[in-house]
Structures are given as C-alpha cells and as structure tokens.
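Asker: Below you'll find the structure I mean.
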Amino acid sequence: MTICKVKNPEDGIEFAYHFLIDQLEKAEKFFLCISGGKTPEELYSKLNDFCYANPSTASKLSICWADERNVPYQSLRSNYGNTKTVFPYLLNLMHAPISTGNELCVLPQLYEEELRKTGFILDNSFVADL
C-alpha cells in the first residue's frame, strides 16, 4: 500500500481523480466501491465529466456503495441520492445502490443480492478494485 500526502483537499481530489482514471483506462473491467457524504462530491463530478467524454472507457466501470443511510433516495441525507445529483452518468453504469426503506434486518441480505447481480460478489468473495 502507498500513502500519499497532499497539501490540501483540492490536490487530494486531483490525485484521486488521476489515479482512478489511470486504473480505469488500464482495466478490462473496474469495480469501484464509493462512499457518500459531501467530501467526495467534487471527485464524483469530475468522474461524471470524464464518463460523458469517454463512454467506451466508462462502460468498464461498475460502482457500489460502502455506506448508506436508511432514508429515501430523494432525501438530502441519502448517499446514493446525492451521488446521482453530482454524477448523473452513474445511471448509465452498472451500479449497486444499498436498498433503503425496508426493515434494517433485511437490508444486508438485499444488498448482498444486489452485489451478486452486479458482479461485486463472485464465488462468495467481495470483489473491488478500489
């Protein structure tokens, strides 16, 4: 593992963006697990622009979430909902949002089913490139 120190959030976003694009361009298929919140929104916006400009490369990308709140996707607190706002190209990609609006006890099973459908779980192992 490599740890990279950057001077400020903007440099961190640029580093992460270029690292991600470099890995995506080299891959045959790329599985990306993302997090929500405000922090990564600028990165997702840049990734959105890249995907619109490079649809054949973008088609290699599959996305899942590392976290979500059990709120409707329309809620300002929804990680998936907020990501769709800054990364609308996401709807053109294979992606596995975490189900919401159900009893908490069934959400892990529903998400596991979604991860299996989208290729993030193969042979009972979670697969992610980044």
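Asker: Check E42, E28, E10 and return the single one that is under 14 Å from N82 (Cβ atoms) and open to solvent by 70 Å² or more (accessible area, probe 1.4 Å).
Answerer: Exactly one residue qualifies, and that residue is E42.
Asker: Going through the stretch 88-108 one residue at a time, which ones are of a type in the set (A, V, I, L, M) and open to solvent by less than 50 Å² (accessible area, probe 1.4 Å)?
Answerer: Within the stretch 88-108, L90, L93, A96, I98, L107 meet the criteria.
Asker: Name the one entry in N70, N124, N79 that is farther than 28 Å from E14 by Cα, out of contact with any helix residue (DSSP H, G or I) (no Cβ under 7 Å at 6 or more places or on another chain) and among the polar types (S, T, N, Q).
Answerer: Checking each option against the conditions leaves just N124.
Asker: State all residues of the stretch 56-72 that are open to solvent by 30 Å² or more (accessible area, probe 1.4 Å) and under 28 Å from Q23 (Cβ atoms); if no residue qualifies, say none.
Answerer: S56, S59, K60, A66, D67, E68
Asker: Ok, one more. Look at K26 and say whether it is of a type in the set (D, E, K, R), in contact (Cβ under 8 Å) with a residue 24 or more places away in the chain and either touching a Phe, Trp or Tyr at 6+ places or on another chain (Cβ under 7 Å) or closer than 20 Å to V127 by Cα (or both).
Answerer: Considered against the rule, which asks whether it is of a type in the set (D, E, K, R), in contact (Cβ under 8 Å) with a residue 24 or more places away in the chain and either touching a Phe, Trp or Tyr at 6+ places or on another chain (Cβ under 7 Å) or closer than 20 Å to V127 by Cα (or both), K26 comes out as no.
Asker: Okay, moving on. Which one of these is modelled with pLDDT of 95 or more and of a type outside the set (D, E, K, R): S56, S35?
Answerer: Answer to the selection: S56.
Asker: Another question about this same structure. Looking for something in a helix (DSSP H, G or I), charged (D, E, K, R) and closer than 20 Å to P40 by Cα - is there at least one such residue anywhere in the stretch 69-84?
Answerer: yes
The values are calculated or read from the model by the stated rules, or taken from the named source; none is laboratory data. These numbers were taken from a predicted model, which means no experiment stands behind them. Cβ sites come from the backbone with ideal geometry, for glycine too, and all protein chains shown count toward neighbours. Note: accessible area is taken over every heavy atom of the protein model, side chains too, but ligands, DNA and RNA are not part of it. Shrake-Rupley method; radii C 1.70, N 1.55, O 1.52, S 1.80 Å.
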